[in-house]
Amino acid sequence: MKLGDILSGVSVRRISADMNADVKDVVNRSDIADINAVFCAYKGEHDNGEDHIKEALDRGCGYIICENKSGAGFITVDNAKKAYAEMCAKINGDPQNKLKLFAVTGTNGKTTVTSMIHHILSKLHGANSASLIGGVKNVICGKERKAYQTTPDPHELYGLLADSVKGGAKYAVLEASSHALDYDKLSPCTFEVGAMTNLTEDHLDHHGSMDAYFKSKRKLIPLCKSFVSNADDFYTSQLDCPHFSLYEGDFTAKIKMLGKNGSVFEYGGFDKAECKLRVCGKFNVYNALAALCMAEISKENIRTAAEALSDFEGAPGRFEMHKSKSGADIIIDYAHTPDALENVLMTARGLTKNRLICVFGCGGDRDKGKRRVMGAVSSRLADLTVITSDNSRSEDPEDIINDILSGVDKHSKYTVIQNRKEAVLYALERAKDGDTVLLCGKGHEDYEIDKNGKHPFSEAEIINDYNSGGYENGYNDIKRSGDTL
């Protein structure tokens, strides 16, 4: 493609390059920039791409996109992040303009809501008709691919959308993270319908404050033809748009039944429909309500959309139900914020006959303020809290655990087991029939990250191995404990 064509629509201040030059790729990494590529240099969270321009030039790259430098082959732009996304879209043939797009943002629920919308569209229009792009997995025209980010880098994102168009898709459903919106990854897109599920404390290490976090999330709104948000959430209720609610709103859900095997509610929007879900919990009623009102706004028949959700089995690692050989229920969930942890604990409590055991940790190099709050939440709502590690990254796991302990009610029953595998086994060994073990924070993740890098780790595999008779040598990694059951 000609450089001039790739730059079409980009806000350019200065050009010192041949617009008729042939370009084969657009990249934001100097180590893969070569003679056939344009290197987009911009400031990231931990690094500044403009510091790597020399490396790109040394590799033979002849075209540089940046905001603050000039020279032969340089194109100076107003916003290099936005230019990168626009150029990635352009070199892939602007696939976003050939699909009906849906986007969901918010702190909690994005993965489940997008999975529900994708499920509805696939059931109503065929498995190959819709693609799903998110943090758990990418599904392109019915074929699953591994996901690495909630919202992929534009190089990958617009390639996935291009593959969707090639595969015959008519729809694509995306998770929109606050980081992606800050980095203008989605700026080339126009979404048929967008939604914000809620806003609770998370990512404050990046945003600095809840108001700044909310401002980032709101960047999705101008990209959408229609937008809906949650009337029952403090922040999202403030948005000037139609709202969904379990109480009063433009789109409502009146719960008829909540149970261990699912829920039933009456949807009310432009039309009415009864919706039966296999997934349990009030939070999943919210998720289904968001998905259904987005479907109805996009002119899907609400009755057939609600019926399509009747066999939705849940998103991986989101309140994922397992069983212990002792008869205890085990739930794997991605809850890693105070609000999400409280919601899953309260839901699990309603499903638990006897004791509720919660295993959780907090991520390293992330918002430290939520650690104390999560310690308080679990010690208040669980019968036994097992505090452990969860992607400690560059931090010392003991430091993170101490932050969590600062919020724990010392009169509650809790124990600390730094090694997460040992923590899970400790909980499983103590859980009896009628108990529930809630494993929070990892969800779909099949790895653990520490100072030494990323290592394979799967809680589902640990459960399966435990149930098949493994791990008979005890649990000796207890570092410190309060009262135990």
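The values are calculated or read from the model by the stated rules, or taken from the named source; none is laboratory data. On a predicted model such as this, the values are computed, not experimentally measured, just so you know. Here Cβ is always computed from backbone atoms with ideal geometry, including for glycine, and neighbour counts include all displayed protein chains.
Values for this structure:
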| item | result |
| --- | --- |
| Set Ile417, Ile462: member being more than 22 Å from the chain's Cα centre (by Cα), within 18 Å of Asp329 (Cβ to Cβ), modelled with pLDDT of 95 or more and β-branched (Val, Ile, Thr) | Ile462 |
| Qualifying residue in the stretch 17-27 (condition: surrounded by 16 or more Cβ atoms within 10 Å (Cβ to Cβ), within 34 Å of the chain's Cα centre (by Cα) and among the small types (Gly, Ala, Ser)) | no |
| Filtered residue count, the stretch 414-443, keeping only those that are within 18 Å of Ser392 (Cα to Cα) and among the acidic types (Asp, Glu) | 1 |
| Residues satisfying the stated conditions in the stretch 145-164, i.e. over 20 Å from Tyr42 (Cβ atoms) and in contact with a Leu (Cβ under 9 Å, 6 or more places away or on another chain) | Arg145, Leu161, Ser164 |
| Residue within the stretch 350-357 that is more than 23 Å from the chain's Cα centre (by Cα) and of a type in the set (Val, Ile, Thr) present | yes |
| Test: Ala127 is aliphatic (A, V, I, L, M) and either closer than 29 Å to Leu239 by Cα or surrounded by fewer than 20 Cβ atoms within 10 Å (Cβ to Cβ) (or both) | yes |
| Test: Leu57 is in contact with a strand residue (DSSP E or B) (Cβ under 8 Å, 6 or more places away or on another chain), buried (at least 16 other Cβ atoms within 10 Å of the Cβ) and over 28 Å from Lys219 (Cβ atoms) | yes |
| Residue tally, condition part of a strand (DSSP E or B) and out of contact with any strand residue (DSSP E or B) (no Cβ under 7 Å at 6 or more places or on another chain), over the stretch 164-221 | 0 |
| Residues within the stretch 91-112 that are part of a loop (DSSP other than H, G, I, E, B) and either of a type outside the set (S, T, N, Q) or free of Cβ contacts under 8 Å to residues at least 40 places away in the same chain (or both), tallied | 5 |
| Conditions (1) without any contact (Cβ under 8 Å) to a residue 40 or more places away in the chain; (2) under 21 Å from the mean Cα position of the chain (by Cα); (3) closer than 13 Å to Ala195 by Cα: number failed by Phe234 | (3) |
| Where a residue in the stretch 401-417 is in the same structural domain as Gly361 (by TED's automatic domain parsing) and its partner, wherever it lies, is in a strand (DSSP E or B) and surrounded by fewer than 18 Cβ atoms within 10 Å (Cβ to Cβ), with Cβ under 7 Å and at least six apart | Lys413/Asp483; Thr415/Ile478; Thr415/Ser481; Val416/Lys479; Val416/Arg480; Val416/Ser481; Ile417/Ile478; Ile417/Lys479 |
| Index of the failed condition, Ile64 passing every other in (1) among the hydrophobic types (A, V, I, L, M, F, W, C); (2) surrounded by fewer than 19 Cβ atoms within 10 Å (Cβ to Cβ); (3) free of Cβ contacts under 8 Å to residues at least 40 places away in the same chain | (2) |
| Inter-residue pairs, beta-carbon under 9 Å, first farther than 15 Å from Met87 by Cα and in the stretch 12-37, second in a helix (DSSP H, G or I) and among the β-branched types (Val, Ile, Thr), 6+ apart | Ser30/Ile53 |
| Odd one out for Lys256 among (1) buried (at least 17 other Cβ atoms within 10 Å of the Cβ); (2) more than 24 Å from the chain's Cα centre (by Cα) | (1) |
| Gly482 vs. criteria modelled with pLDDT under 95 and surrounded by fewer than 19 Cβ atoms within 10 Å (Cβ to Cβ) | yes |
| Pairs with Cβ under 8 Å, 6+ apart, first in the stretch 272-284 and at positive phi, second not hydroxyl-bearing (Ser, Thr, Tyr) | Gly281/Leu258; Gly281/Phe319; Gly281/Asn343; Gly281/Val344 |
